[in-house]
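Working notes, beginning with the structure itself.
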Amino acid sequence: MAEREQVRKSSPNREEVTEEEVAPSAERSDQLKAELDDILDEIDEVLEDNAEEFVRNYVQKGGQ
Amino acid sequence: MPIPKVLGIETEYGIVVAGAPDANPITTSSTLINAYLSSLADRVEWDFVDESPGVDARGFALEGGSGIELDTHLVNAVLTNGARLYVDHAHPEYSSPECISPSQALLYDKAGEEVVIRAMANAKRMLPSGQEIVVYKNNSDRKGNSYGCHENYLVDREVPFQKIVGELVPFFATRQIIIGAGKVGSEFPGKASSKVAFQLSQRADFFEEEVGLETTLKRPIINTRDEPHSDGQRFRRLHVILGDANLSETSTWLKLGLTAIVLAMIEDGFLQDLKIELADPVTSLREISWDPTLAGTVLLRDGRRLRALEIQQAYLEHALDHAEHYGMGYLGNDTDGPALLREWERVLAALEHDPMTLADSLDWVAKWQVVQGYQQRHGADKQDPRLAAIDLQYHDMRPEKSLFRRLPMRRILDDADVKAAVSNPPPDTRAYFRGTCLARFPGSIAAANWDSIIFDLGTDPLRRVPMMDPLRGTEGHVGELLRRVKSAAELVEALGS
């Protein structure tokens, strides 16, 4: 009995998932762009201040 | 049947002192490692006796060749998780313990990251104010100097080495489309960075030979170092120097897992009909790395031209077939094999369709997305040092500075498991015996290495306990004994050595 209920309950969920997957890709791409914007905001904050000097001073000798 | 693919990763980390650019890298590496060890109760030295990095898998030994580094007297320790932490050349290096499955080896690689994070924090308290040791998990300083992230796989000694080379090289040249860590620009002599804005791999610029013994000069795609650290009659340890150091869990897991699958197929003679031989593997390795569009083709010996994706697809199809015929029990558990095949399929399909959809999965895609996004936002040109800074800082191990940690990457591991793996050894290999002896009897161990432990029991001469089989000394074999005995002397007595 419990099992049958479970099946019934899960089917609308499954449809929802399918709908999400076929959602217009423009929407998904807007969402990704917003996520990337947030990441870039954080990177602007944390990136080494003097990029040129940081890159120049990073020297590693004697590796395999 | 393939033998169990015992495996592990050794990582040489990049190191600088912020606030002291001229600091000696060897001293700095020693300070970093001592800062970690001093936070632990006891430490045990590494024993070099059985090391032979000059022995060549093709069947000859190198006398006094370059790259032999026995007895360096540098900081060198064994950890209770079975790993080795030491100064190699001018870098801090963490070698994971021997692991039974790709996911376990991923866990212990991440535990190594946790070790260096703790080491940096400890060192910061020891250095003058304004100075800080900073460690990078990458493979190049962007000035032509490279350092390695080496993988190790247990391989059946009966498989002829030439066969391994022939069937592995096309896989190695192309696996970077999945597991490359990404690099802004190029360090290949004569190849201007303006011509290569972004490439897949950190390491591809530095390889000059198809096969060879070197690891620091004229690096080969297949390294022939024949130092099994186990019973050399039965086993070979394939020492892979080609790979990038990965931060993405998916990338590290796929690197280890797919390579182990290909090796198992070679052991079973399952790739004999693959019929893919690159005309010039070293050139192809670079061409593939320099082309993040993945559209270019490489020349085969039979005159055909294939894309790296098509070559990977051919290996995947063989792997699916092989799994159906032989199972995947050689990967140490029931779950890694099927999950790896599914992920290999997913990743190749996504790379074919739109690589950028893998920005949450693969290092090179994640880094490239940030570099491109930053470029657009700030109108930066290809030579802008801020893009190079992003490339470096992606790999910064300080949690507060790491760019990688700011990305919404898919996770495979649990943080609590990683923390536990910093102290506890994997239960399924001889690393269990090494790590547990070290945790229980640190005062009675004179030295340890991959295939033995030397006990100092006080009165007797030193006693060496050999561990020539990586699959002996597991919790199943010696767990009960190690819990029962009250001293190292009792343990050695019970082992009958």
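Numbers below:
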read-out	value
Distance in nm between pseudo-label sites at B:Leu320 and B:Asp302 (7 Å out along the Cβ direction from Cα)	2.1
Chain B: DSSP helices with Cα axial extent of at least 24 Å and average Kyte-Doolittle hydropathy no lower than -1.0	B:102-126, B:249-267, B:308-326, B:336-353
Which of B:Thr216, B:Thr224, B:Thr174 has the fewest Cβ neighbours within 10 Å, and the rest in rising order	B:Thr216, B:Thr224, B:Thr174
Evaluated at q = 0.06 Å⁻¹: base-10 log I(q)/I(0), Debye formula over Cα of the protein assembly as shown	-0.30
Region B:94-164 versus region B:1-20: alpha-carbon centroid distance in Å	2
B:Leu294 paired with B:Asp460, simple spin-label distance in nm, labels 7 Å along Cα-to-beta-carbon	5.8
Fraction of beta bridges assigned by DSSP in the protein assembly as shown that are antiparallel (%, nearest 5)	90
Per-pair calculated FRET efficiency, R0 = 30 Å: B:Asp360 and A:Val59 via Cβ, rounded to 0.05	0.40
Neighbour-count ranking [beta-carbon atoms within 10 angstrom, fewest first] of B:Lys183, A:Lys61	A:Lys61, B:Lys183
Under-5 Å amide H pairs with B:Asp47, H placed in peptide plane, nonlocal only	B:Ala448, B:Asn449
Mean-position separation - Cα centroids, region A:41-64 and region B:177-206, in angstrom	17
Antiparallel DSSP beta bridges within chain B, percent to nearest 5	90
FRET E, pair B:Glu352, B:Leu481, Förster distance 45 Å, beta-carbon r, rounded to 0.05	0.30
Interchain or long-range residues, amide H under 5 Å from B:Arg225's placed H	B:Ala57
Set A:Lys61/B:Lys137; B:Lys183/B:Lys382; B:Lys191/B:Lys401 screened for pairs whose C-alpha atoms are more than 21 Å apart	B:Lys191/B:Lys401
For B:Ile445, residues with placed amide H under 5 Å, excluding near neighbours	B:Asp456
Shielding score for A:43-51, defined as the mean number of other chain Cβ atoms within 10 Å	6
Computed E for A:Ala34/B:Ala380 - FRET, C-beta separation, R0 25 angstrom, nearest 0.05	0.75
Pairwise centroid distance, computed over Cα atoms, of region B:426-497 with region B:299-314, Å	49
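Since every read-out is calculated from the coordinates, none of them should be taken as a lab result. Just so it is clear, the structure is predicted and the values come from calculations on it, not from any experiment. A quick note on method: Cβ atoms are made from the backbone with ideal geometry, for glycine too, and the neighbour counts reach across all protein chains shown.
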